[in-house]
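The values are calculated or read from the model by the stated rules, or taken from the named source; none is laboratory data. No experiment lies behind these values; they were computed from the predicted model shown. Glycine gets a Cβ as well: all are built from the backbone with ideal geometry, and neighbour counts include every protein chain shown.
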Amino acid sequence: MLNDPQPPEKRRHPLEEAPQRPPEMRPDQPARPRVTVRMPLVPPRATYILMAINIVVFAVGMLSPALDQQMFVQGASRSYEVLVLGEYHRLFTAMFLHGGIMHIFFNMYALYIIGRGIEPVFGSVRLTIIYLLGGLAGSILSVVLGDPSPISGVASVGASGAVFALFGAEMIYLYRHRTLMGARATSQLRSLLMLLGINLFIGLASWFGDSGIRIDNWAHMGGLAGGLILTWLLGPIFTTTRDPLQPHLVVAEDTNPLAKNYWLVSLYVIALVAVLMVFSFMAR
């Protein structure tokens, strides 16, 4: 992939593509009119900003090993520091720290592919909410199910929980619009499920290998669950109608705008805080 000089093609939403004409048509059969679909799309700015933040933080650590060590000591997520000492900021800061060049490469590559694919239809604010709050769910599940010992507890870093939240967001989106998008959405959903299975298998295998690297499966599953829940609550739901003045124009409208769902985001945050407080009380 790194040696391919051709830039990747921009991923298009299935609704933006006109239906293909049948390969063979009878001479007396009129050609089907070309249908144009118009839907609100935005450039993937939030995806690029989130990538830039992660890359800048990693680059700063690479340039200054002492600062890198300090960021890990004060920012990595670990059950004891979060639940017992109450250092809750670690749940967020750990999402922007990475343990090596391959670690950040795979996370940022996944963020680039998924984020650039769904942000145009989700919108930048909605994608950022799912990324951060889905990643927060992953961080919380990681600490509440992790080892609370101050000695044997393992620190966790990485954006993979937040990336898995976007993974879940795309799955819900494709599932909801499988009828509207047709066979392509079903095919993409199957591919995502297969990719999810492979990632979970690799994560579980890391717990039994001798490499010394343990993938934080709880963060992945928590992020995935957060992305599924958030997208089910506030994800876009498109319906299409024909423009009465332009018969060949189909307009896609989001019937679940983010503006009317901020109260659901508040309930989600309250639920996460409640879980965190309960387990913090139990750990102390």
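Look at Arg184 and say whether it is under 23 Å from Leu267 (Cα atoms) and over 11 Å from the mean Cα position of the chain (by Cα). For Arg184, the condition - under 23 Å from Leu267 (Cα atoms) and over 11 Å from the mean Cα position of the chain (by Cα) - is not met. Would you check if Gly227 is touching an Asp or Glu at 6+ places or on another chain (Cβ under 9 Å), within 23 Å of Ile129 (Cβ to Cβ), part of a helix (DSSP H, G or I) and modelled with pLDDT of 90 or more? Taking the combined requirement at face value, the residue satisfies it. Could you go through region 169-176 and let me know if any residue there is of a type in the set (Ser, Thr, Tyr) and assigned to a loop (DSSP other than H, G, I, E, B). No, the conditions are met nowhere in region 169-176.
For the structure I just gave you, tell me whether Gly138 is part of a helix (DSSP H, G or I) and more than 21 Å from Gln74 (Cα to Cα). No; evaluated as a whole, the condition is false for this residue. If you go through region 215-259 and pick out every residue that is surrounded by 17 or more Cβ atoms within 10 Å (Cβ to Cβ) and β-branched (Val, Ile, Thr), you end up with 4. Exactly one residue among Gly203, Gly197, Gly235 is small (Gly, Ala, Ser) and under 23 Å from Leu91 (Cβ atoms), and that residue is Gly203. Examine region 84-94 for a residue that is among the acidic types (Asp, Glu) and under 22 Å from Asn217 (Cβ atoms), and state whether such a residue exists. Checked region 84-94: no residue is among the acidic types (Asp, Glu) and under 22 Å from Asn217 (Cβ atoms).
If you go through region 259-284 and keep only what is closer than 22 Å to Tyr175 by Cβ and either touching a Phe, Trp or Tyr at 6+ places or on another chain (Cβ under 9 Å) or not in a helix (DSSP H, G or I) (or both), you end up with just Asn261.
Number of residues in region 261-284 that are over 22 Å from the mean Cα position of the chain (by Cα), loosely packed, with under 15 Cβ neighbours inside 10 Å and of a type outside the set (Val, Ile, Thr) equals 5. Against the test of being among the hydroxyl-bearing types (Ser, Thr, Tyr) and more than 14 Å from Phe164 (Cα to Cα), the options Tyr109, Tyr131, Tyr88 yield a single qualifying residue, Tyr88. Put simply, of Ser149, Ser156 the only residue that is within 10 Å of Ser79 (Cα to Cα), surrounded by fewer than 24 Cβ atoms within 10 Å (Cβ to Cβ) and modelled with pLDDT under 95 is Ser149. Screening Val125, Val143, Val163 for residues that are in contact (Cβ under 8 Å) with a residue 24 or more places away in the chain and surrounded by fewer than 24 Cβ atoms within 10 Å (Cβ to Cβ) leaves exactly one candidate, Val125. For region 65-80, residues that are free of Cβ contacts under 8 Å to residues at least 24 places away in the same chain and surrounded by 12 or more Cβ atoms within 10 Å (Cβ to Cβ) total 4.
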